[in-house]
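Trainee: Below is the structure I would like to discuss, written out as structure tokens.
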Amino acid sequence: METAEGVVKKFCYMNRKAPYGTIYALESLEVVLIAAAFDQDISLVFADDGVYQLTKDQDTDGIGMKNFSKTYSALGDYDINKIYVEKESLEERGLSVDDLQALTYEDEDDDWAEKNSLFVVGREELTALIDEQDVVLSF
Amino acid sequence: MKFGIVINEGPYTHQSSDSALQFVKAALGKGHEIFRIFFYHDGVNNGTDLGVPPQDDRNLAKEWSELAEKHGLDLVVCIAAAQRRGMLDADEMKRHGKNASNLSKGFRISGLGQLIEAGIQADRLVTFGD
């Protein structure tokens with residue numbers, strides 16, 4: 001789709017709800033995958049119950065829902081490599097980064113070296129990060 | 001200023017559509033431009049033509065249609081969210097072999113790219129949701 005040529009804005013997608021129970025997490029991911037085609041500067045934030053979206057070994061067999069958690073590990077292929085998880089949200093839920101799936105991307109400027117794309121950031125740092133965005137979409 | 005609007009909740013259960021309607025009216029009244037209004041999640045249900053609210057209550061779908069006609073607003077319902085929830089225009093009805101369509105006048109169905117484009121083109125993207 002044609003947009004104003006050369007315009008690159010900082011888009012931040014806030015994910016604040018649990019992966020199941022409501023559709024927000026799934027439909028947020030659908031937005032992000034489309035957004036990747038627009039060559040904008042994309043950041044993803046997971047905070048509040050949204051941190052559960054990235055937990056590893058999700059098993060939805062018992063609830064009849066599609067397990068879409070594996071899609072997050074494909075984000076690197078979409079050049080989405082700034083994924084922030086709020087430290088306090090993890091701690092408040094008794095989680096650590098070890099409970100989350102590893103998210104990586106291949107750096108085309110560094111001989112396709114595999115690099116980490118998931119960063120745990122504190123609430124104050126996250127505030128500053130959100131403040132510098134042009135567009136914030138909260139799900 | 002040029003605004004983009006996102007509405008993420010359906011009518012009546014949540015107030016987001018009402019608030020967005022008031023915001024859009026106020027913005028237009030102050031001479032601002034509304035680039036696009038994008039309906040996502042249950043917000044797509046704002047586009048149904050089949051709602052019959054009590055006569056002493058507001059009719060949100062009708063108000064959106066009338067406002068769109070008056071000001072040439074671009075009301076876009078997300079196609080993926082709409083298909084899940086049974087919101088179809090005449091073309092989608094035929095494509096999926098359904099026997100009815102229900103999209104109100106003034107709304108159109110299109111893809112999520114329209115939301116991203118609104119974020120790029122508008123000076124401010126304002127979300128109405130929970």
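Trainee: Rounded if a/c is under 1.5, else prolate if a/b beats b/c, else oblate: with a ≥ b ≥ c from the C-alpha gyration tensor eigenvalues square-rooted, which is the protein assembly as shown? Could the numbers behind the result be given before it?
Mentor: On the way: a/c = 1.84, a/b = 1.57, b/c = 1.17.
Here the protein assembly as shown falls in the prolate category.
Trainee: Moving to a separate point now. Relative contact order of chain B, please, whole-number percent, based on alpha carbon pairs below 8 angstrom and at least 6 residues apart. Kindly include the intermediate steps, with their values, before the conclusion.
Mentor: Numbers: 238 pairs, mean separation 47.2, N = 130.
Answer for chain B is 36 percent.
Trainee: Okay, next question. On a straight-distance basis, which lysines could pair with B:Lys70 in a cross-link, Cα separation under 20 angstrom, same-chain partners fewer than 8 positions away excluded?
Mentor: Within reach: B:Lys2, B:Lys25, B:Lys30, B:Lys62, B:Lys105.
Trainee: Can you pull out the trypsin sites (Lys or Arg not before Pro) in segment B:75-111 whose DSSP state is coil and whose Cβ has at most 12 other Cβ atoms within 10 Å? Display every interim value, and only then the final one.
Mentor: Values: sites: B:Arg84, B:Arg85, B:Lys94, B:Arg95, B:Lys98, B:Lys105, B:Arg108; in loops: B:Lys98, B:Lys105.
Those that pass, being in a loop and sparsely packed, are B:Lys98.
Trainee: Give me a comma-separated list of calculated 3J(HN,Hα) values for segment A:90-104, in order, Karplus coefficients 6.51, -1.76, 1.60 applied at θ = phi - 60°, integers in Hz, x for any Gly or Pro.
Mentor: Taking θ as phi minus 60°, the curve returns 4, 4, 4, 10, x, 10, 10, 4, 5, 7, 9, 6, 6, 10, 9 Hz for segment A:90-104.
Trainee: In chain A, what % of DSSP beta bridges are antiparallel (nearest 5)?
Mentor: Numbers: 5 of 22 bridges.
Bridges in chain A are about 25 percent antiparallel.
Trainee: Return the aspartates and glutamates within reach of B:Lys94: Cα separation strictly under 18 angstrom, same-chain partners fewer than 8 residues apart disregarded; answer none if there are no such residues.
Mentor: Filter leaves B:Asp49.
Trainee: If you build the Cα gyration tensor of segment A:10-138 and take the root of 5 times each eigenvalue, what three semi-axes come out, in whole angstrom, biggest first? Mind showing how you got there, number by number?
Mentor: Details: eigenvalues 90, 62, 49 Å².
For segment A:10-138, the semi-axes come out at 21, 18, 16 Å.
Trainee: Per the 1.4 Å probe, what fraction of the accessible area of the protein assembly as shown, in percent, lies on carbon and sulfur atoms?
Mentor: Working: 6240 of 13590 Å².
Carbon and sulfur atoms account for 46 percent of the accessible area of the protein assembly as shown.
Trainee: Take the alpha carbon atoms of segment A:75-139, find their center, do the same for segment B:1-74, and report the distance between the two centers in whole angstrom.
Mentor: Between the Cα centre of segment A:75-139 and that of segment B:1-74, the gap is 34 Å.
Trainee: Please list, in order along segment A:130-138, the HN-Hα scalar couplings obtained from phi with the Karplus expression 6.51 cos²θ - 1.76 cosθ + 1.60 (θ = phi - 60°), rounded to whole Hz, x for Gly and Pro.
Mentor: 5, 4, 8, 7, 8, 10, 10, 10, 10
Trainee: Taking only C-alpha pairs under 8 Å that are 6+ residues apart, what is the relative contact order of segment A:18-139 in percent? Spell out each step's value before the answer.
Mentor: Details: 142 pairs, mean separation 30.5, N = 122.
Taking the mean separation of contacting Cα pairs over the length of segment A:18-139, I get 25 percent.
Trainee: Right, another one. When only DSSP loop residues count, what trypsin sites (Lys or Arg not before Pro) in segment A:1-87 have their Cβ near at most 13 other Cβ atoms within 10 Å? If you can, show how the numbers build up before the last one.
Mentor: On the way: sites: A:Lys9, A:Lys10, A:Arg16, A:Lys17, A:Lys56, A:Lys66, A:Lys70, A:Lys82, A:Lys87; in loops: A:Lys9, A:Arg16, A:Lys17, A:Lys56, A:Lys66, A:Lys82.
Loop-located and lightly packed - A:Lys56, A:Lys66.
Trainee: Within straight cross-link reach of A:Lys70, meaning Cα distance under 29 Å, which lysines are found once same-chain residues fewer than 8 apart are removed?
Mentor: In chain and number order, the partners are A:Lys9, A:Lys10, A:Lys17, A:Lys56, A:Lys82, A:Lys87, A:Lys115.
Trainee: Placing one identical point scatterer on every Cα of chain B and ignoring solvent, what is log10 I(q)/I(0) from the Debye formula at q = 0.14 Å⁻¹?
Mentor: The computed values of log10 I(q)/I(0) come out as -0.56.
The values are calculated or read from the model by the stated rules, or taken from the named source; none is laboratory data. The model shown is predicted, which means the values in this text are computed figures rather than measured ones. Quick reminder, even Gly has a Cβ in these numbers, built from the backbone with ideal geometry, and neighbours come from all protein chains shown. Please note that ligands, DNA and RNA were not included when accessible areas were found on the heavy atoms of the full protein model with its side chains. Shrake-Rupley method; radii C 1.70, N 1.55, O 1.52, S 1.80 Å.
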